[in-house]
Amino acid sequence: MILMYHHIAPAAAANAVSIAAWQAQMAHVKEAGYPVLALDDYVRKAALGGLGRWDVAITFDDAYRSFAAHALPVLQDLGFPATVFMPVDFAGKNNAWDDGTYPIMDWAELRAVSQAAGVTIGSHGRSHRRLRTLDQPTLREEVHSSKVELENRLGLPVRHFAYPYGQLRDFDRRCRAALVENGYTSGCATVWSRRNGPADLYALHRLEITPADDLPAFAAKLSRSVHPRYFRQSIKNLLFQLHLRR
Ligand SMILES: [Zn+2]
């Protein structure tokens, strides 16, 4: 299963898990003995159909400055790897696609984070737009030039992408093909499931951890193979796919 976080803040708010909740959640992952894998290793196992039921990868979308301040110290204490997805055009700015209140790392901060043990940097595109709505040249710009810029600025290979918004309506086969063509080994969606297999590499399911999750809710998300949210979303996605085929 891949956990998805955004912002970490002193108090829970929209898209922001509180520092205390984050610390308690990671302590739980440690105590419960979940194996936490780097995304490279997770994807390699998924490609072979070899992921264990309890294998975990941790991801952070939008590369907020709070990752360096609040998430990374906890990850390093526990020896957990994690992946941060950077929306390249927003380096050193705020999340203007949303309410614009959360600061995003600048290039120096991202470079420092990228050099920390266990941290992988992935692309979240350039402009945080829904890829499915873009024409071919713009799609290529989002997928290709974001990767090239990250690799040049960080001096590291970039192999993973997270689709902005990441629901089925936000990326399609053409977007997945663009990831393959440009040398990515995976694409993360926001579609809810604990499972990922060889067919999911460019639409990896994730479990969103929300500000409303208390520790029992968090523990249940990780341990239960069925979850009310998963059912609701599955039905929605099924209807969406049926509509597309009509
Ligand atoms: Zn995002």
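Tallying residues that are in a loop (DSSP other than H, G, I, E, B) and either under 19 Å from Ala177 (Cβ atoms) or at pLDDT below 95 (or both) within region 197-206 yields 3. Residues in region 181-192 that are polar (S, T, N, Q) and either at positive phi or touching a residue at least 60 places away in the same chain (Cβ under 8 Å) (or both) were compared, and the one that is surrounded by the fewest Cβ atoms within 10 Å (Cβ to Cβ) is Thr185.
Of the set (1) part of a helix (DSSP H, G or I); (2) within 16 Å of the ligand (Cβ to nearest atom), all apply to Thr190 but (1). If the condition is being of a type in the set (Gly, Ala, Ser) and assigned to a loop (DSSP other than H, G, I, E, B), then region 30-43 contributes Gly33, Ala38. Being out of contact with any Phe, Trp or Tyr (no Cβ under 9 Å at 6 or more places or on another chain), among the aliphatic types (A, V, I, L, M) and modelled with pLDDT of 95 or more is the requirement here; does Leu51 meet it? It is false that Leu51 is out of contact with any Phe, Trp or Tyr (no Cβ under 9 Å at 6 or more places or on another chain), among the aliphatic types (A, V, I, L, M) and modelled with pLDDT of 95 or more.
Look at (1) free of Cβ contacts under 8 Å to residues at least 40 places away in the same chain; (2) under 19 Å from Lys221 (Cβ atoms); (3) of a type outside the set (A, V, I, L, M) and you find that Lys45 fails only one, number (2). Somewhere in region 131-153, is a residue closer than 30 Å to Ser223 by Cβ, within 16 Å of the chain's Cα centre (by Cα) and free of Cβ contacts under 8 Å to residues at least 60 places away in the same chain? Scanning region 131-153 turns up no residue that is closer than 30 Å to Ser223 by Cβ, within 16 Å of the chain's Cα centre (by Cα) and free of Cβ contacts under 8 Å to residues at least 60 places away in the same chain.
Of all residues in region 160-184, which are assigned to a loop (DSSP other than H, G, I, E, B) and either among the charged types (D, E, K, R) or more than 16 Å from the ligand (Cβ to nearest atom) (or both)? Residues satisfying the conditions are Asp172, Asn182, Gly183, Tyr184.
One residue stands out among those in region 1-29 that are surrounded by 15 or more Cβ atoms within 10 Å (Cβ to Cβ), within 16 Å of the ligand (Cβ to nearest atom) and not in a strand (DSSP E or B): the one that is farthest from the chain's Cα centre (by Cα), which is Asn15.
The values are calculated or read from the model by the stated rules, or taken from the named source; none is laboratory data. What you are looking at is a predicted structure, and each value in this text was computed from that prediction instead of being measured. Because the Cβ atoms are built from the backbone with ideal geometry, glycine has one as well, and the counts that use them run over all protein chains shown.
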